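Report on one structure; see the data block that follows.
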Amino acid sequence: MAELSTDLQALHGIGSRRAQLFRKMGLATLGDLLTWFPRRYEDRRTVKEIAALSDGETVCVRGFVAAPPTVTRVRDGLDLVQVPVADRSGVLRVTFFNQLWMKAALSPGTEYVLYGKVERNLFGCSMSNPVTERADSPSETGRIWPIYPASAGVSQRMLCWAVREALRICGGSIPEFLPEEVRHTYQLCPVKAAYENIHFPADDTALQEARRRLAFEELFLLAVGLQSVRQQRQSDAVEAFADADMSPFYNALPFTLTDAQRRCIAEAFADMRSGVPMNRLCQGDVGSGKTMVAAACVYYCVQNACQAALMVPTELLARQHYDSLSALLTPLGVRVALLTGSVSAKDKRDIRQRVAAHEVDFVIGTHALISDGVEFENLGLVVTDEQHRFGVAQRGALNAKGRQPHVLVMSATPIPRTLALSVYGDLDVSILDELPPGRQKILTYAVSGDYRPRVYGFLEKQMAAGRQVYIVCPMVEEGAAVSDDRKAVTEYASELEKVFPERRILSVHGRMKSKDKERIMSAFAAGDGDILISTTVIEVGIDVPNASVMVVENAERFGLSQLHQLRGRVGRGKHQSYCILISDSRADETRQRLRVMVTTSDGFRVAEEDLRLRGPGDFFGERQHGLPPLKIANLFTDTELLREARTAAAELSPERYPATVKRAAELLSQGATA
């Protein structure tokens, strides 16, 4: 019996060249093959007589080869093998494209089963390239058949054969991580049966039971891992913060905090007074006031004689936070410093020395905060903004600068509660579900490319009134290389220079060096440009109150949550703002998605729709959110299964099942490094 870690080349028929093709798909071992689950299934059980076939249906036909196959060369590179197949009701014309071996494989008078799509017209019925096998020894017909994600060089037939062989030689080595009492309580099949039936289901019931079992296991291990992290955190003891007079902070604010902000601040203060390290997510829509929640926590931390740090993803955002928060906190006696990659070497040394000597209370910066030379005298609070942009390891590196500091992570990506419970199961969640009064709704429109001249006319009116405009375009091809990012932006900029010859047009793309992107975005923020053309690099990290229009080209290429984030780049000032989504797609799903954007500005509703339509795997765009890759479970449709899995995890005795706990930790680490 082989092991799951056995190399694929242990399978007869997979040599080094073919193994390389599999490795390009991420498949290097037999275990990788077993977890390469089908993306869909074909029901090849229905057999119809030829006379009963309907145009367009995909079905099995059982019949005899009625005459020897013929070969026709249509042109160089295209050969047709044609053969009539008959049953008692009629004749089916079958054509194989560029499959010359079928001429010798098909014997007149022999009965075959064919599975394929039917074409019916005035001349009768036909099939092209059907799955074909002898009726006396079928293996791919007469059953539910898996269809796998595949790539060039690795066919469906090769994948199916390899998976079947892997099941045969190492199916007995698949570890059982679900305790027997959990399987009994929730009526889950054994792991070997689950893997056999997820790949080659005996029937519909077996497939449903296999999927339920494997999805439950994924969610259960996720819950166990997060529960372990939470329990570890709660077992850590830190000195509880004392009460502090917050009135100077509140009196310094030029506005009144919303009820949601006050609630989130109260929840964070209670954490910091508990004697256990705070680990709280503060999530809310763009403009909901997360920064002021963080500022209150920083002031409270400093009043308790501790230092605080705020890490953000871009230098521009760090500078903007520094400008606003130092203006608020410095008059209150809080010593604030900015530490980014562009700070001069001399200033970096000076800031690091002052931080180490506790001559700085609050440091705002980028990844520079987690560099080796930065040491805090008494770090009590770590805040990360736009938290899904940082990997778990990056956040952990900053946390390690202190002795169990309190942690507040902020996200402007509203996350559906089912997803938040799983992604951030080790965090307590505060939700800012209220916008400050007076914030205007961004008017959103979805139009086709035919409206582009009218859109350009509208943009000219806005710029004539002194406003600025964002235009976002996707890469040339979905999944294209970074070089196409540059091509998309530069080509569009050239086109717009002809449309708006009098306007200052700036552009940024992913191929640029970080300092060049920062320079251009800073120039736009300073008003030194009328139009900024970009890919999604502006999704976070730029705040321009004078920008009033966001145009998104090929809007169907973006997820709803990403569109909502882009829309949030405007509407930050006193001017009425607009978001224009341009798409020529006529797909029903695209229209449905864009209708959501037009009809609601509620980020949580947008997120729910995004999760429903795209699934959790693509929800964040980048896999830096700490969620282990879920291969079977769907956090939107499997909410009841998630509830059961969390209940089972809460009742687990870790000391009785160390292998289960270890596996859960391994999966969490995969999410942390993804």
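The values are calculated or read from the model by the stated rules, or taken from the named source; none is laboratory data. Predicted model, so just to flag it, every value in this text is computed and none were measured. Using ideal geometry, Cβ is built from the backbone for each residue, glycine included, and neighbour counts are taken over all protein chains shown.
For the range 75-92, the tally of residues that are surrounded by fewer than 12 Cβ atoms within 10 Å (Cβ to Cβ) and within 50 Å of the chain's Cα centre (by Cα) stands at 4. For the criterion of being surrounded by 17 or more Cβ atoms within 10 Å (Cβ to Cβ), within 42 Å of the chain's Cα centre (by Cα) and part of a strand (DSSP E or B), L114 passes. Close contacts from the range 570-595, counting a first residue that is in a helix (DSSP H, G or I) and a second that is among the charged types (D, E, K, R), with Cβ to Cβ under 6 Å and a gap of 6+ residues or different chains, come to T590/E556.
How many residues are acidic (D, E) and in a loop (DSSP other than H, G, I, E, B) if we restrict to the range 334-359?
1
From the list T95, T72, the one residue that fits, being surrounded by fewer than 16 Cβ atoms within 10 Å (Cβ to Cβ), in a strand (DSSP E or B) and not aliphatic (A, V, I, L, M), is T72. Only one of the listed residues (V238, V229) is under 32 Å from the mean Cα position of the chain (by Cα), farther than 30 Å from R45 by Cβ and of a type in the set (V, I, T). That residue is V229. Enumerate the pairs (first residue in the range 53-78 and in the same structural domain as A105 (by TED's automatic domain parsing) and aromatic (F, W, Y); second residue anywhere and surrounded by fewer than 11 Cβ atoms within 10 Å (Cβ to Cβ) and outside any strand (DSSP E or B)) with beta-carbon separation below 9 Å, excluding pairs fewer than 6 apart on the same chain, so at least 6 apart or on different chains. Filtered contacts from the range 53-78: F64/G109.
What do you reckon, is R183 surrounded by 13 or more Cβ atoms within 10 Å (Cβ to Cβ) and under 30 Å from A294 (Cα atoms)? Spelling it out, it is not the case that R183 is surrounded by 13 or more Cβ atoms within 10 Å (Cβ to Cβ) and under 30 Å from A294 (Cα atoms). Screening A296 against (1) farther than 30 Å from K517 by Cα; (2) touching a residue at least 40 places away in the same chain (Cβ under 8 Å); (3) assigned to a loop (DSSP other than H, G, I, E, B) leaves a single unmet condition, (3).
Taken over the range 6-53, the criterion of being assigned to a strand (DSSP E or B), under 14 Å from C170 (Cβ atoms) and of a type outside the set (S, T, N, Q) is satisfied by D7 alone.
Using the structure shown, decide if A266 is surrounded by fewer than 17 Cβ atoms within 10 Å (Cβ to Cβ), free of Cβ contacts under 8 Å to residues at least 24 places away in the same chain and within 30 Å of D543 (Cα to Cα). Before the answer, list the steps.
Details: surrounded by fewer than 17 Cβ atoms within 10 Å (Cβ to Cβ): yes; free of Cβ contacts under 8 Å to residues at least 24 places away in the same chain: yes; within 30 Å of D543 (Cα to Cα): yes.
The answer is yes for A266.
Within the range 192-233, the residues that satisfy the criterion of being over 14 Å from L652 (Cβ atoms) and aromatic (F, W, Y) are Y195, F200. Checking the range 198-205 against the condition returns no match, with no residue being touching a residue at least 40 places away in the same chain (Cβ under 8 Å) and more than 30 Å from T141 (Cβ to Cβ).
Select from the range 453-475 the residues that are among the β-branched types (V, I, T) and buried (at least 21 other Cβ atoms within 10 Å of the Cβ) and write down the one among them that is nearest to Q562 (Cα to Cα). Ranking the qualifying residues of the range 453-475, first place goes to V472.
Within the range 222-255, if we keep just the residues that are at pLDDT below 90 and part of a loop (DSSP other than H, G, I, E, B), the residue that is nearest to A664 (Cα to Cα) turns out to be D236.
Scan the range 128-148 for residues that are out of contact with any Leu (no Cβ under 6 Å at 6 or more places or on another chain) and touching a residue at least 40 places away in the same chain (Cβ under 8 Å) and the total you get is 10.
Anything in the range 596-608 that is more than 24 Å from L459 (Cα to Cα) and touching a residue at least 60 places away in the same chain (Cβ under 8 Å)? List them, or say none.
D602, G603, F604, V606, A607, E608
The condition of being at pLDDT below 90, among the hydrophobic types (A, V, I, L, M, F, W, C) and within 25 Å of P437 (Cβ to Cβ) holds for only one of L566, L560, that being L566.
Annotation: of all residues in the range 596-639 being polar (S, T, N, Q), in the same structural domain as N554 (by TED's automatic domain parsing) and outside any helix (DSSP H, G or I), the one that is modelled with the highest pLDDT is T600.
Give the range 426-478 a look and list any residue that's touching a strand residue (DSSP E or B) at 6+ places or on another chain (Cβ under 6 Å), in a loop (DSSP other than H, G, I, E, B) and either more than 20 Å from D530 (Cα to Cα) or modelled with pLDDT under 75 (or both), or say none. Residue satisfying the conditions is L427 alone.
Taken together, the criteria place F216 among residues that are crowded, with 17+ Cβ neighbours inside 10 Å, touching a residue at least 60 places away in the same chain (Cβ under 8 Å) and within 22 Å of P175 (Cα to Cα). Among the residues of the range 539-557, those identified as touching a helix residue (DSSP H, G or I) at 6+ places or on another chain (Cβ under 7 Å) and either modelled with pLDDT of 90 or more or not small (G, A, S) (or both) are E539, V540, I542, D543, V544, S548, V549, M550, V551, V552, A555, E556. Only one entry of L310, L317, L328, L281 meets the criterion of being closer than 29 Å to G573 by Cβ, among the hydrophobic types (A, V, I, L, M, F, W, C), surrounded by fewer than 24 Cβ atoms within 10 Å (Cβ to Cβ) and modelled with pLDDT of 90 or more, and that entry is L328. Anything in the range 481-506 that is farther than 18 Å from G457 by Cβ and modelled with pLDDT of 90 or more? List them, or say none. Scanning the range 481-506 gives R504, L506.
For every residue, the table says whether it meets (1) assigned to a helix (DSSP H, G or I); (2) in contact with a Pro (Cβ under 9 Å, 6 or more places away or on another chain); (3) at positive phi.
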{"site": "S126", "(1), (2), (3)": "no, no, no"}
{"site": "E133", "(1), (2), (3)": "no, no, no"}
{"site": "S137", "(1), (2), (3)": "no, no, no"}
{"site": "G142", "(1), (2), (3)": "no, no, yes"}
{"site": "P146", "(1), (2), (3)": "no, yes, no"}
{"site": "R157", "(1), (2), (3)": "yes, no, no"}
{"site": "L167", "(1), (2), (3)": "yes, no, no"}
{"site": "G172", "(1), (2), (3)": "yes, no, no"}
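Residue count for the range 143-181, restricted to those that are closer than 28 Å to T46 by Cα, out of contact with any Phe, Trp or Tyr (no Cβ under 8 Å at 6 or more places or on another chain) and of a type in the set (V, I, T): 0.
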